[in-house]
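Bear in mind these aren't lab numbers, they're just calculated from the coordinates by the rules spelled out. These figures come from a predicted structure and were not determined experimentally. Backbone-built Cβ (ideal geometry, glycine too); neighbour counts: all protein chains shown.
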Amino acid sequence: MANEPFFRRQDGRFQPTPACRGPWNPKSLHGRVIVGLLGHVIEQEHGEADLLPARLTVDMFRLPDFSEIEVTTRVVRAGGRLKLVEADFISGGTPMARASCQFLRRTANPEGNVWSPPNWDAPAPADIPPPEDAREGMGGMWAMRRITGGFGTPGQRRTWMSEVRELVEGEALTPFTRVAVAADFASPFANAGDKGLGYINSDVTVYLHRLPKTPWVGFETINHHATDGVAIGECFLYDEEGPIGSAACAALAQSRRP
């Protein structure tokens, strides 16, 4: 892979590479790689073929630096239809984030029709020209194909995103990993305004009714509200075949460090 991976394994732990750098502090990691690594390890250690990771919640209560990372997991409940797994993201010996993942066993849908939102009418990623501005996708952190709107533009925003590097060196991106490492984008996409992005998210929750079948994940903003410096943001998620779930976050007013 031409692009540097986000992490390299070293004796069962993970060493961040410069690609992990976040937007708020040049000495800290991007939230998306924290969410992605937690989801990746949970799936590797506890995933099963007939279990869907239907919900992943990650609380990010400290900004980790580039210290070596350990991810520890534990099973809270393993029943016939549900498995609940928790995981800790430990950087330099200090817990920085915690995840909870709920796996649900696949079965048949019950009979009857239930209302759901219509599929979006977005063009396929292959039908959208690559952006001319190199800053699109944070300078190449990911590939993007903008559909409507952009950061800070009025109205609803929609875009396609695809990963351009491995999360962990030598380990293929699974469909769940693709969603997990992309999900943090719901915060800047939903919460950016005409003065830029002034909120840093403290958590991410992803709900999935199925895994993506294509490399591109679509984001459609559906909610943003803020009071007294506390914001919420939400996006519907898609692949090229239709809806797959949603991503939501809570966020705090924040200024960038030089």
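Structural remarks
- Nitroxide proxy distance, nm - points 7 Å out along Cα→Cβ at Leu252 and Arg55: 2.4 nm
- The chain: relative contact order in percent, alpha carbon pairs under 8 Å with at least 6 residues between: 20 percent
- Annotation: the residues His225, His30, sorted from fewest to most other C-beta atoms within 10 Å of their own C-beta, follow the order His225, His30.
- Between the C-alpha center of segment 192-214 and that of segment 58-75 there is a gap of 19 Å.
- Each Lys and Arg contributes +1 and each Asp and Glu -1, all at the Cβ; summed about the Cα centre of segment 116-241, the dipole is approximately 140 debye.
- For peptides 73-85, 40-52, 177-189, 209-221, sequence by mean Cβ density within 10 Å, most packed first: 177-189, 209-221, 40-52, 73-85
- With R₀ set to 51 Å, the beta-carbon distance separating Glu111 from Glu171 gives a calculated FRET efficiency near 0.80.
- Considering only Met161, Ile232, Trp120, the residue lying farthest towards the positive end of the dipole of segment 105-258 is Ile232, judged by Cα position with unit charges set on Cβ.
- Residues Lys213 and Ala78, FRET efficiency given R0 of 22 Å [Cβ-Cβ distance, rounded to 0.05]: 0.20
- Farthest toward positive dipole pole in the chain [+1 Lys/Arg, -1 Asp/Glu at C-beta], among Leu104, Ala78, Gln44: Ala78
- Distance (nanometres) between label positions extended 7 Å along Cα→Cβ at Glu4 and Lys27: 1.9 nm
- Its Cα centre serving as origin, segment 1-63 has a Cβ charge dipole (Lys and Arg +1, Asp and Glu -1) of approximately 460 debye.
- When only the Cβ of Lys, Arg, Asp and Glu is charged (+1, +1, -1, -1), the dipole of the chain relative to its Cα centre reaches about 380 debye.
- Helix-only [θ]222 nm of the chain, DSSP H runs n ≥ 4, -39500 (n - 2.57) each, per residue, nearest 500: -4000 deg cm²/dmol
- Taking the average, over residues, of other Cβ atoms within 10 Å as the packing measure, peptides 154-161, 193-200 rank 154-161, 193-200 from highest down.
- Segment 119-258, relative contact order in percent, only Cα pairs under 8 angstrom and at least six apart counted: 22 percent
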